Each structure stands twice: as structure tokens, then as C-alpha cells.
Amino acid sequence: MRKYELMYILKSDVEEERRNQLLEKFRGIIETNGEIENVDEWGNRKLAYEINKLREGYYVLVNFNAAIDIPKELDRNLRISDDVIRHMIFNLEEK
């Protein structure tokens, strides 16, 4: 298991119910072969620059431990979700 950090930004106009569904979906992917240490929802914040004519987004930071294949599956799901503006997965392990 390796340590990872995931930061993703959802569209700010996503309804709370839909946002919770997305959070649970991504949590479920991680928990298939890993464990979540911390989920920090920063809430709506102004973006540093405009992305697809959007000026605000809902920021979520997740720290987790998982097998090597989990970040790939997580990345694939984040890419195909229409409600995700941007995402980035960091490997926190030193080589």
C-alpha cells in the first residue's frame, strides 16, 4: 500500500445530493483495495483562473492508502465525470 493525496474540484452549482453521490462513488473506488485517512471538503472557492467559463468550484482533498492500481481507476472515473472540473493525484511516497 502506498500513500496518496487526491485533490479534485467539482462544479460549484452541483446539487448537494449529487455532490454526496460523487463523494461516495470516489470513496468506494478507494476502499475497494485501500483505506481513506482523511477527507477534507474545502467547499466553494474562487478558482485561480477561469476553467470552461467557470469561476468557482467545490474543492475536496482526500488522503488515502491504496494499492498501485487504485489511482489509475480513480483517475479514469474522475476524467469521465461531467461534474469534475479538475483533479490531481499525488503519490506521497519517496522513491
- [ ] Using the Karplus curve 6.51 cos²θ - 1.76 cosθ + 1.60 with θ = phi - 60°, work out ³J(HN,Hα) for each residue of the stretch 41-47 in order, rounded to whole Hz, and write x for Gly and Pro.
- [x] 8, 7, x, 6, 9, 6, 6
Open item on the list: Binning at 5 angstrom from zero up to the longest distance, how are the C-alpha pair distances of the chain distributed in percent?
Closed with: 3, 13, 26, 25, 18, 10, 5, 1, 0
Open item on the list: Please give the charge dipole size of the stretch 2-91, origin at the Cα centre, charges +1 on K and R Cβ atoms and -1 on D and E Cβ atoms. Round to the nearest 20 debye.
Closed with: 380
Task: Relative contact order [Cα under 8 Å, 6+ residues apart], the stretch 9-95, whole percent - done: 37
Task: Beta bridges by DSSP in the stretch 2-91, antiparallel share as percent, to the nearest 5 - done: 100
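Values quoted throughout were computed directly from the atomic coordinates according to the rules given, and no laboratory measurement underlies them. For clarity, every value in this text was computed on a predicted model and none was experimentally measured. FYI the Cβ positions are ideal-geometry reconstructions off the backbone, even for glycines, and counts take in every protein chain you see.
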